[in-house]
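Asks: Here's a structure for you.
The values are calculated or read from the model by the stated rules, or taken from the named source; none is laboratory data. As the structure is a computational prediction, the values presented were derived from the model and not from experiment. Here the Cβ positions follow ideal geometry from the backbone for every residue, glycine too, while neighbour counts run over all protein chains shown.
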Number of protein chains: 4
Amino acid sequence: MTANFRSDNESAVAGPVMEAIVAANEGAAHAYAEDDWSMRLDQAFSDLFETPTRVLPMATGTAANSIALATVTPPWGSVLCHRQAHVYSDESGAPEFYGHGLRLVPVDGALGRMSPDALAHAYAGCAGHGVHSYVPSAMTLTQSTESGTVYQPDDMAALNAQARGHGLATHLDGARFANAVVRLGCSPADTSWRAGVEMMSFGASKNGCMAAEALLFFGDERDSRYETAERMRKRGGHLFSKMRYVSAQLLAYINDGLWLELAGNANEQAARFAAMVARHAEAELEYPVEANEVFVRWSTDGFEALERAGIEFLTWPGQDDLGRFVFSHSTTAEDTDRLIAAMGG
Amino acid sequence: MTANFRSDNESAVAGPVMEAIVAANEGAAHAYAEDDWSMRLDQAFSDLFETPTRVLPMATGTAANSIALATVTPPWGSVLCHRQAHVYSDESGAPEFYGHGLRLVPVDGALGRMSPDALAHAYAGCAGHGVHSYVPSAMTLTQSTESGTVYQPDDMAALNAQARGHGLATHLDGARFANAVVRLGCSPADTSWRAGVEMMSFGASKNGCMAAEALLFFGDERDSRYETAERMRKRGGHLFSKMRYVSAQLLAYINDGLWLELAGNANEQAARFAAMVARHAEAELEYPVEANEVFVRWSTDGFEALERAGIEFLTWPGQDDLGRFVFSHSTTAEDTDRLIAAMGG
Amino acid sequence: MTANFRSDNESAVAGPVMEAIVAANEGAAHAYAEDDWSMRLDQAFSDLFETPTRVLPMATGTAANSIALATVTPPWGSVLCHRQAHVYSDESGAPEFYGHGLRLVPVDGALGRMSPDALAHAYAGCAGHGVHSYVPSAMTLTQSTESGTVYQPDDMAALNAQARGHGLATHLDGARFANAVVRLGCSPADTSWRAGVEMMSFGASKNGCMAAEALLFFGDERDSRYETAERMRKRGGHLFSKMRYVSAQLLAYINDGLWLELAGNANEQAARFAAMVARHAEAELEYPVEANEVFVRWSTDGFEALERAGIEFLTWPGQDDLGRFVFSHSTTAEDTDRLIAAMGG
Amino acid sequence: MTANFRSDNESAVAGPVMEAIVAANEGAAHAYAEDDWSMRLDQAFSDLFETPTRVLPMATGTAANSIALATVTPPWGSVLCHRQAHVYSDESGAPEFYGHGLRLVPVDGALGRMSPDALAHAYAGCAGHGVHSYVPSAMTLTQSTESGTVYQPDDMAALNAQARGHGLATHLDGARFANAVVRLGCSPADTSWRAGVEMMSFGASKNGCMAAEALLFFGDERDSRYETAERMRKRGGHLFSKMRYVSAQLLAYINDGLWLELAGNANEQAARFAAMVARHAEAELEYPVEANEVFVRWSTDGFEALERAGIEFLTWPGQDDLGRFVFSHSTTAEDTDRLIAAMGG
């Protein structure tokens, strides 16, 4: 028997979400997001985010990210993103596909966070050569980051202000947004639109849903952007006929704080493990642990022993001394205990 | 209270399929279709179709159709399809999107079925002008058709042989394949690869699944085409992290004949309604009823009365005297009785 | 020795145009259309067309047509065009390429001219199905048509008014615009923007230039459309570094009525030939001859005899009894005499 | 009066090339590269390169580069290029456009030359993550480089061998190939296919032609790649009807060593200027001068004085102390003297 820390996207569906799916399975419902569940999304997310919000439900984060970016970026436009961003490293060019050859420009920054200087540098490097250059058109941040850290709301606001000052549209990849909100203890609004975010991929699949993401549009341009994105969703084959089952997941997920409760467990288990690693004689933390991902620098021998003990986790090609352990809504205290014990903690 | 005959894609999920989803919700599973459910698909469909088959699970028929066609058609290639085909009329250019500007060439044919002469004519019209023309690259048929009719296996085989004689790859849109197989009383193989089909969108969402389609590859080129299609699925955002829930639907759907049982009910209810229409004083059948769709030509007044009686169905802009009634796996005899009664039958 | 009536695009460059190219070959000039020649285009064409006009010089009609249509049509938009239009039949999907999968919708109409009824029918057929359909976005006409006929200004105005009433942008493929203007004896404005045309591919290559087309933008949206098209021109590799040689061609071509003089010769020779065909015992005219193309219906034997006599012309696959004869600026009276004699005229 | 050192693409057309254009202007010729000039290209370049070569004539380097890369790279493939490469920095995404969203991966390397270590690092960084990553598919080098340096044939061969060892197709951007060949004093073959190059954009526009580039295909796959590229050329609007005028330029350009003679002058003038800068009290050379481009590091005051003296050259945004001076086939000794004098040399 194994314990799986490979990724939170390998976790099962949370009980209340599955119950909502089953509950939605009653009789016929109008297709293509014209069902009762989908039609309640705008109101539910407007309430949650304390601002008028348009919601486009989808089944994958890759689709949500790509469609968001393509909505605000012409084929000859570029999108600035952190070098480790999922859109840049893990989506096989889905943003370029939906954006018909738009370009992603990687921006540096320590601990998974884009730095203002690096953003300024990258912007300068891609602007200003007339029709010979791509037109910088958007910026996307990730909260929490691919390194398991979070942006403080003020830092996020500063980066978004910098981007909007250059005329860039702003997007947030919130695949692990819940973990960040729990960590920050703030309102969802504080680390999204109040911090300058105009569009957001509100992730739910990793944190207890089956396949559900909400592409959110805030602000004055929300309606026109929503309409463009809606066309792309259909054309990409992401307009489900039985969208009710996606929307029911989302409604259950944000109902009564479930999403924060689920993320709370993930963060808590990650923190327990991180505390052990911090005290470990040989292993050490690669990044500060601020959400539900823990990156550990250790010996190859150590990692191999873990694997033999039935612990599943990820390493990267050519980097055998760096392991990633992701904690999810369904990680139990026993799972974490077992991992800790296996590391000799 | 209403009775919904708008489309089978508005039906709920069949009990055994939902049970399979719930049963799959146990512990962690490897992401991105490397789970135990997904890894059983090739064998399960090879058994069902009596030939080695590669299976790419996806959530929508639009994605399956588009990716299939783009896999065998270069951007400067064309795809011949029936003028009423879903890929041509209802997917907002998804095939053109996945195929980077490939062209769909509509082919005529009565009762929703492409005619050999019309295929010959269309092929002649689009071939043979060197680099100035699109290269005819693929043909797609729909079984059962958009008119609610079916192709006899021999007729399908002849069309596919004609297409393959021109060097075209062959695809079958099987959004309502189950209904055709029930009607024909044949093996699935008989009206797919044995009839010359190389790739097939095996639809399940309309007939009892939640969001599940299997893109099937038969024949000698199945592996290389599968690999190309796999890239497109990822790039289109259709590689679900929690694919197990899609694959579990498909496995349950084809297990022990469930899919045929579900389609059998739909066909049976459609036949009951059709029999009544055939006897109706004013209304008449637009097409022979061979599957689960019934197209009725009637007066506008008649249709309006139906709507007032709580019957939901579709008409088309500018064609108020043509109504479509679709029967699904979950249409009850009482639903059909009610429809019949509302029409004065 | 042969006489070439295959296409006017096989003719040489007119003397004054070649002289202008040679004259432009003096010293250095700023690259990428920032040279003195290119910068005079807006004024020169504004004068010619009697209205403020933005001009984007390019080398091919395919590029001009495709970029124009892509400028006003989203990837999920459609363009209505005559079934025989060059964009539909002879550009291998260039409009779909530049437009990222937009769709061309063929419209019927006798004698190469789109009919208002067919336009209404085609529009009705492609509109109105929400996100499931392409959005009708533009209409393109061809003047003179692919059948060698012309639109009367009033007819063109009516079609464009109909299109604009549906919210479609309007484009004119003017590959043989000069021949139409000569035929009509009107101002260029009368059969372009005064007749509702918003964008126009002003062709010059077929009528005496080497490789030069001017994409023209009229009306209120001319600046923003020009800027979008400029991006596409660059991205398509059509922004020549030494654009001065393209622009010099265009300036010489429209200077002092040269373009009409050149087209006048083509039309005159075509008319002489057409008059003979009209009197011919066996051959007959397929279409009225209103510009510089003559389509002749004749026996296969007759056409083969012509070929043996050194007359070059085009037939189509499967239509051996239809020949196309195109007359150009450089067709001499002797060439035409020879053709007439060879047909026994 | 000014002296222009902004770019060699601002130079006029060399006398013999213009004479060839004028000479080609005799009578009709078959369109679309089926003329006598175009049909001689394969043989002429096979002779020049001492190996069977397929030639696709085009008018711009951007088109040649983009079509070459798209020919060997799927939309989900990546192309490794030097960070300063024209395809990456100056073509507004034309390779991404022709390649439907392929990705360019910038590789570092001093003096404009890709380093083997940086190539290894970049390859490692973009390979190996299954369908989640782009597939490394091609590498492109530039000879001479964007820094005005050249690759030694052995170094080029080593890089191409490294790339081909990874299964990458190899391309050479030869916008300034002539300058490199003159510098190296080698056969064109030595610094192209003998050094592992499979496809090459043989530039001519910058070195005396009007608008002419030859996309060359070497090696066993030359025919199939040529055929794919031919489709893209048409679809991109780059198949000129009057291609004879492009092909005539290319034939004249490589006839009797003209191209090397023209490049020889450019290199010689650049060397004279570089020698002066090397001795200059304040200014200094940024890179070794090995071809026809000279990059000078100097004071802003110095550069401003040059401009006032009527010297045209380029600087970059935010880098006022770096000037680029390009010498062309038509730069006269007097032009160079004037530049030298203006710098106080």
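Asks: Determine if the range B:274-288 includes at least one residue that is closer than 19 Å to B:Ala204 by Cα, under 25 Å from the mean Cα position of the chain (by Cα) and buried (at least 16 other Cβ atoms within 10 Å of the Cβ).
Replies: No, because not a single residue in the range B:274-288 is closer than 19 Å to B:Ala204 by Cα, under 25 Å from the mean Cα position of the chain (by Cα) and buried (at least 16 other Cβ atoms within 10 Å of the Cβ).
Asks: For the range B:12-39, what are the residues that are among the acidic types (Asp, Glu) and in a loop (DSSP other than H, G, I, E, B)? Give the steps one after another, and end with the answer.
Replies: Filtering the range B:12-39 down to residues among the acidic types (Asp, Glu) leaves B:19, B:26, B:34-36.
If the condition is that a residue be among the acidic types (Asp, Glu) and in a loop (DSSP other than H, G, I, E, B), then B:Glu26, B:Glu34, B:Asp35, B:Asp36 are the ones that fit.
Asks: For the range A:184-203, what are the residues that are out of contact with any Ser or Thr (no Cβ under 6 Å at 6 or more places or on another chain) and at positive phi?
Replies: Across the range A:184-203, the qualifying residue is only A:Gly185.
Asks: If a residue has to be hydrophobic (A, V, I, L, M, F, W, C), over 28 Å from B:Leu239 (Cβ atoms) and more than 10 Å from chain B (Cβ to nearest Cβ) to count, how many in the range A:24-43 make the cut?
Replies: Residues of the range A:24-43 that are hydrophobic (A, V, I, L, M, F, W, C), as a first pass: A:24, A:28-29, A:31, A:33, A:37, A:39, A:41.
Those still in the list that are over 28 Å from B:Leu239 (Cβ atoms) too: A:28, A:39.
Cutting the leftovers down to more than 10 Å from chain B (Cβ to nearest Cβ) gives us A:39.
So the answer is 1.
Asks: Can you tell me which residue is nearest to the other protein chains (Cβ to nearest Cβ) among those in the range D:312-328 that are among the small types (Gly, Ala, Ser) and assigned to a loop (DSSP other than H, G, I, E, B)?
Replies: Here the residue is D:Gly318.
Asks: Only one of these conditions is not met by D:Ala20: (1) without any contact (Cβ under 8 Å) to a residue 60 or more places away in the chain; (2) more than 7 Å from chain C (Cβ to nearest Cβ). Which number is it?
Replies: (1)
Asks: A follow-up question, please. Which members of the range A:162-181 meet the condition of being over 9 Å from the mean Cα position of the chain (by Cα), within 14 Å of A:Gly196 (Cα to Cα) and among the aliphatic types (A, V, I, L, M)?
Replies: The answer is A:Ala163, A:Leu168, A:Ala169.
Asks: Can you name the residue in the range C:63-83 that is hydrophobic (A, V, I, L, M, F, W, C) and part of a helix (DSSP H, G or I) and is also farthest from the other protein chains (Cβ to nearest Cβ) among such residues?
Replies: Selected residue: C:Val72.
Asks: Let me ask something else. Considering only residues that are more than 30 Å from D:Ser46 (Cα to Cα) and of a type in the set (Phe, Trp, Tyr), which ones fall in the range D:247-285?
Replies: Answer for the range D:247-285, where residues must be more than 30 Å from D:Ser46 (Cα to Cα) and of a type in the set (Phe, Trp, Tyr): just D:Phe273.
Asks: Kindly indicate whether any position in the range A:237-247 is in contact with a Lys or Arg (Cβ under 6 Å, 6 or more places away or on another chain) and under 30 Å from A:Cys186 (Cβ atoms).
Replies: No: zero hits.
Asks: Now for a different question. Going by the structure shown, is A:Thr140 hydroxyl-bearing (Ser, Thr, Tyr) and in contact with a Lys or Arg (Cβ under 9 Å, 6 or more places away or on another chain)?
Replies: no
Asks: So how many residues does the range B:85-136 have that are out of contact with any helix residue (DSSP H, G or I) (no Cβ under 7 Å at 6 or more places or on another chain), part of a loop (DSSP other than H, G, I, E, B) and free of Cβ contacts under 8 Å to residues at least 24 places away in the same chain?
Replies: So the count comes out to 3.
Asks: Would you say B:Asp117 is within 16 Å of the chain's Cα centre (by Cα) and of a type in the set (Asp, Glu)?
Replies: So B:Asp117 fails the test.
Asks: Cβ-Cβ under 8 Å, sequence separation 6+ or interchain: first residue in the range A:49-62 and within 8 Å of chain B (Cβ to nearest Cβ), partner among the aromatic types (Phe, Trp, Tyr) and crowded, with 24+ Cβ neighbours inside 10 Å. Which pairs?
Replies: Close Cβ pairs (under 8 Å, with a partner that is among the aromatic types (Phe, Trp, Tyr) and crowded, with 24+ Cβ neighbours inside 10 Å) amount to A:Ala59/A:Phe240; A:Ala59/B:Phe240; A:Thr60/B:Phe240.
Asks: Would you mind finding the one in C:Ser38, C:Ser46, C:Ser7 that is at pLDDT 95 or above, of a type in the set (Gly, Ala, Ser) and under 18 Å from the mean Cα position of the chain (by Cα)? Can you show your working first?
Replies: Values: C:Ser38 fails: under 18 Å from the mean Cα position of the chain (by Cα); C:Ser46 fails: under 18 Å from the mean Cα position of the chain (by Cα).
Step by step, each of C:Ser38, C:Ser46, C:Ser7 is checked, and only C:Ser7 is at pLDDT 95 or above, of a type in the set (Gly, Ala, Ser) and under 18 Å from the mean Cα position of the chain (by Cα).
Asks: Here's something else I'd like to know. C:Thr140 - would you say it is in a loop (DSSP other than H, G, I, E, B) and surrounded by 23 or more Cβ atoms within 10 Å (Cβ to Cβ)?
Replies: When the stated conditions are applied, C:Thr140 does not pass them.
Asks: Now for a separate question. Can you pull out the residues in the range B:1-11 that are at the interface with chain A (Cβ under 7 Å from one of its Cβ atoms) and assigned to a loop (DSSP other than H, G, I, E, B)?
Replies: Listed by number, the residues that qualify are B:Ser7, B:Ser11.
Asks: Then there's this: Within the range C:89-112, can you find the residues that are more than 9 Å from every other protein chain (Cβ to nearest Cβ), at positive phi and among the small types (Gly, Ala, Ser)?
Replies: Passing the criteria: C:Gly109, C:Gly112.
Asks: May I ask you to list the residues in the range B:87-118 that are farther than 24 Å from C:His129 by Cβ and either charged (D, E, K, R) or buried (at least 24 other Cβ atoms within 10 Å of the Cβ) (or both)?
Replies: Residue satisfying the conditions is B:Asp117 alone.
Asks: Further question: Go through the range B:239-270 residue by residue and tally those that are within 17 Å of B:Asp35 (Cβ to Cβ) and of a type in the set (Val, Ile, Thr).
Replies: Residues in the range B:239-270 being within 17 Å of B:Asp35 (Cβ to Cβ) and of a type in the set (Val, Ile, Thr): 1 in total.
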